[in-house]
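Peer 1: I'd like to ask some things about the structure below.
The values are calculated or read from the model by the stated rules, or taken from the named source; none is laboratory data. Nothing here was measured: the structure is a model prediction, and the numbers come from that model. No Cβ is skipped: glycine too gets one built from the backbone with ideal geometry, and neighbour counts run over all protein chains shown.
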Amino acid sequence: MSGRVLVGVKRVIDYAVKIRVKPDNSSVVTDGVKHSMNPFCEIAVEEAVKMKEKKIIKEVVVVSCGPQQAQETIRTALAMGADRGIHVEVTGKDYEQLGPLQVSKIMAALAKKEDAQLIILGKQAIDDDCNQTGQMTAALLDWPQGTFASELTMEGDKIKVVREIDGGLETVKINTPAVITADLRLNTPRYATLPNIMKAKKKKIANLKPADLEVDITSRLEVLRVDEPPQREAGVKVETVDDLVARLKEAGRI
Amino acid sequence: MATVGRLARIARLGTSICKNHRLYFNRSTQRRGIASCVDPAHGLTDEQKEFQKVAFDFAANEMTPHMAEWDQKEIFPVETMRKAAQLGFGGIYVQPEVGGSGLSRLDTSVIFEALSTGCVSTTAYISIHNMCAWMIDTFGNNEQRERFCPDLCMMEKFASYCLTEPGSGSDAASLLTTAKLKGDHYILNGSKAFISGGGDTDVYVVMCRTGGKGPKGISCLVVEKGTPGLSFGKKEKKVGWNSQPTRAVIFEDCAVPVINRLGEEGQGFSMAMKGLNGGRINIASCSLGAAHASVQLARDHLLVRKQFGETLSNNQYLQFKLAEMATKLVASRLLVREAATALQENRPDAVSLCSMAKLFATDECFNICNDALQMHGGYGYLKDYAVQQFVRDIRVHQILEGTNEVMRMIISRNLLTES
């Protein structure tokens with residue numbers, strides 16, 4: 001199998017940052033907060049670059065949807081070895097409401113436009129934890145999907161995917177073109193090297209708007225409220241086992 | 001010391017209960033530059049932010065987890081440094097055609113500052129190695145550059161810088177190691193003191209006397225390990241910088257080929273001083289990284305530790321103290337970065353600015369780390385907590401690469417010389 005791989009990368013709040021909810025409970029604070037590439041997207045980029053190094057595919061195209069700052073995330077992927085980038089510009093209110101359905105429509109449109117043979121995405125983003133974009137993209141394109149991939153092997157023009165599922169590991173063989181979503185143990189992303197960071201400056205990032213792809217990004221969801229998780233309360237000490245059972249029944253736990 | 005004994009017992013109980021998350025918490029995630037006003041990414045170009053990100057990630061993943069062990073067991077982390085070299089950190093400001101990364105002094109400062117948050121001692125050695133590689137790249141002829149630089153940039157070979165002697169530290173120009181020309185070799189006799197990496201490194205950039213007294217009689221020779229007549233003293237026991245060995249380097253009728261001389265005879269001292277300008281920015285940058293990490297650690301401790309019914313972060317004295325630390329950190333950083341830019345552009349104020357930056361940043365950052373240790377209370381004194389290692393490691397930055405007293409000499413000379 002030769003050809004083009006499309007990798008989606010998302011700019012999210014850095015995993016080490018302590019999240020704070022806005023006082024009006026409308027969303028989380030993002031202004032002035034450190035952002036970086038979603039860790040599962042890093043794993044997706046690494047897998048695509050490895051496939052290129054093994055000459056399984058020819059070109060790695062990195063896509064990100066969002067405001068101007070999304071270009072930083074694309075540059076990081078270029079520094080890891082991707083060949084070129086596509087920035088789909090979505091700003092303001094549109095960006096706040098951008099979710100898996102809209103992104104998967106964009107990815108599907110780009111897959112057709114770029115004649116991609118493979119789409120690799122992170123299994124989920126660490127901000128919304130939706131775990132939907134890969135699956136929706138595959139459905140829109142009517143392509144097979146290998147989600148939660150912890151191992152990928154090419155077998156001719158099919159892909160063998162070892163998936164991490166609740167019960168253990170499941171192996172499936174899917175035809176290409178296909179959508180893969182990367183799980184934690186698929187690989188360990190490389191550090192960008194200083195020379196690659198400098199080379200990345202010269203790589204191209206194309207700018208598009210969703211309208212250019214004839215994609216409607218209106219949201220079908222409305223976020224009503226965002227709250228912090230409940231504060232952990234103090235426990236209660238009990239004297240006897242009977243007391244414990246009674247208390248648990250009272251709390252509706254058993 | 002009885003109170004320390006009691007504190008130690010309490011601390012040991014405390015750490016054993018919450019050992020997993022407390023200590024891990026203390027080390028791993030906190031150096032990612034999150035607190036906004038001291039974020040070292042401010043004012044950088046997108047490309048510099050990428051360099052910084054790689055350096056921070058490398059520091060957090062490859063250095064922070066081992067920093068304490070390298071210090072306690074005095075391990076010279078060759079494999080980790082080679083990994084760093086593969087990313088381009090072996091010859092950051094060396095030219096690409098001989099294997100370097102060809103970056104600017106400012107890029108270099110940003111990188112060393114970030115790496116230092118992972119381990120000051122190792123980063124400081126990497127910066128000395130970089131300085132040596134640069135000297136050969138800049139002052140060597142093409143044959144020498146091709147012979148030495150590629151291996152140094154990949155850290156296939158490690159380098160040491162040999163200027164200081166038992167009898168000449170600040171008064172560097174009075175060095176006594178002689179190099180007498182005999183046919184096509186120089187015969188070296190003398191010894192160098194306090195050489196970072198000495199005994200474990202492969203390439204020694206040695207300032208020695210080929211001519212008469214004073215700076216004009218000094219030349220620069222590259223001596224390779226294994227040369228007969230080259231030997232080393234015992235490994236010194238130090239307060240910090242323990243991940244790099246420090247030894248005396250001894251020359252006894254050591255024959256070094258003339259083709260190993262960088263530039264002409266008599267140019268050695270000027271080369272040494274030019275190397276040190278960059279070296280001073282690098283060392284100051286290492287201090288910045290330590291101070292940054294310490295401010296993060298202190299901040300996090302204040303948010304967690306409770307006394308008198310509330311977290312320490314509610315105490316106005318500590319709030320103000322933290323603000324002062326942050327302000328001095330940012331002021332130091334700005335001065336160091338400006339000096340780096342001045343050196344890159346070859347500005348007339350470059351030498352004084354490098355001296356000012358080294359003086360100011362190393363002094364202020366040591367105070368910042370020391371204050372951060374104080375904020376930790378008794379815990380700050382325990383080796384389980386990283387802050388004490390930052391204090392110990394950067395203390396020497398006020399002494400080497402030109403003492404802060406010598407920095408004052410350079411600056412006052414600039415002010416008082418009638419021109």
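Peer 1: Which of the following residues is within 23 Å of the chain's Cα centre (by Cα), away from chain B (no Cβ under 14 Å) and crowded, with 16+ Cβ neighbours inside 10 Å: A:PRO189, A:PRO177?
Peer 2: Exactly one residue qualifies, and that residue is A:PRO177.
Peer 1: If I filter region A:196-208 down to residues being of a type outside the set (A, V, I, L, M) and buried (at least 16 other Cβ atoms within 10 Å of the Cβ), which single residue comes out as nearest to the other protein chains (Cβ to nearest Cβ)? Give the steps one after another, and end with the answer.
Peer 2: Going residue by residue through region A:196-208, those that are of a type outside the set (A, V, I, L, M) are A:196, A:199, A:201-204, A:207.
The next check asks that each one be buried (at least 16 other Cβ atoms within 10 Å of the Cβ); those that pass are A:196, A:203.
Numbers: A:ASN196: 9, A:LYS203: 12 Å.
Checked region A:196-208; the qualifying residue nearest to the other protein chains (Cβ to nearest Cβ) is A:ASN196.
Peer 1: Is it the case, given these coordinates, that B:GLY102 is touching a Cys at 6+ places or on another chain (Cβ under 9 Å), within 13 Å of another protein chain (Cβ to nearest Cβ) and either on the phi > 0 side of the Ramachandran plot or surrounded by fewer than 18 Cβ atoms within 10 Å (Cβ to Cβ) (or both)?
Peer 2: no
Peer 1: I'm trying to understand the selection: among the residues of region B:61-95, which are more than 11 Å from every other protein chain (Cβ to nearest Cβ), within 18 Å of B:SER160 (Cα to Cα) and aliphatic (A, V, I, L, M)?
Peer 2: The answer is B:ILE75, B:VAL78, B:MET81, B:VAL94.
Peer 1: Still on this structure: Can you give me the number of residues within region A:159-174 that are crowded, with 16+ Cβ neighbours inside 10 Å and either closer than 23 Å to A:ALA108 by Cβ or within 16 Å of the chain's Cα centre (by Cα) (or both)?
Peer 2: Total satisfying the criteria: 4.
Peer 1: Take the conditions surrounded by 15 or more Cβ atoms within 10 Å (Cβ to Cβ), of a type outside the set (Gly, Ala, Ser) and closer than 27 Å to B:ILE399 by Cα and apply them to B:VAL222. Does it pass?
Peer 2: yes
Peer 1: Check B:ASP349 against each of (1) under 24 Å from B:SER104 (Cβ atoms); (2) crowded, with 16+ Cβ neighbours inside 10 Å; (3) not polar (S, T, N, Q) and name the one condition it does not meet.
Peer 2: (2)
Peer 1: Is it the case that B:SER160 is assigned to a strand (DSSP E or B) and either in contact (Cβ under 8 Å) with a residue 40 or more places away in the chain or within 17 Å of B:ALA284 (Cβ to Cβ) (or both)? Don't jump to the end; show me each part of the working.
Peer 2: On the way: assigned to a strand (DSSP E or B): yes; either in contact (Cβ under 8 Å) with a residue 40 or more places away in the chain or within 17 Å of B:ALA284 (Cβ to Cβ) (or both): yes.
Criteria met by B:SER160.
Peer 1: Which of the residues that make up region A:76-114 are within 14 Å of chain B (Cβ to nearest Cβ) and either aliphatic (A, V, I, L, M) or surrounded by fewer than 24 Cβ atoms within 10 Å (Cβ to Cβ) (or both)?
Peer 2: Hits for region A:76-114 are A:ALA77, A:LEU78, A:ALA79, A:MET80, A:GLY81, A:ALA82, A:HIS87.
Peer 1: Please state which of the following conditions B:ASP253 fails to meet, knowing it meets all the rest: (1) out of contact with any Ser or Thr (no Cβ under 7 Å at 6 or more places or on another chain); (2) outside any helix (DSSP H, G or I); (3) surrounded by 17 or more Cβ atoms within 10 Å (Cβ to Cβ).
Peer 2: Of everything listed in (1) out of contact with any Ser or Thr (no Cβ under 7 Å at 6 or more places or on another chain); (2) outside any helix (DSSP H, G or I); (3) surrounded by 17 or more Cβ atoms within 10 Å (Cβ to Cβ), B:ASP253 misses just condition (3).
Peer 1: Does any residue of region A:49-61 turn out to be within 17 Å of the chain's Cα centre (by Cα) and basic (Lys, Arg)? Reasoning before the result, please.
Peer 2: Applying the first criterion (within 17 Å of the chain's Cα centre (by Cα)) to region A:49-61 yields A:49, A:60-61.
Adding the requirement that they be basic (Lys, Arg) leaves none.
No, region A:49-61 contains no residue that is within 17 Å of the chain's Cα centre (by Cα) and basic (Lys, Arg).
Peer 1: With free of Cβ contacts under 8 Å to residues at least 24 places away in the same chain, among the hydroxyl-bearing types (Ser, Thr, Tyr) and more than 15 Å from B:SER109 (Cα to Cα) as the only criterion, which of B:SER352, B:SER412 stands out?
Peer 2: None of the other options fit; the residue is B:SER412.
Peer 1: Of the residues A:LYS18, A:LYS22, which is more than 17 Å from the chain's Cα centre (by Cα) and either more than 14 Å from every other protein chain (Cβ to nearest Cβ) or surrounded by 15 or more Cβ atoms within 10 Å (Cβ to Cβ) (or both)?
Peer 2: After ruling out the rest, the residue left standing is A:LYS22.
Peer 1: If I go through region A:209-254 residue by residue, how many of them are at pLDDT 90 or above, surrounded by 10 or more Cβ atoms within 10 Å (Cβ to Cβ), of a type in the set (Val, Ile, Thr) and over 24 Å from the mean Cα position of the chain (by Cα)?
Peer 2: Looking only at that region, the number is 1.
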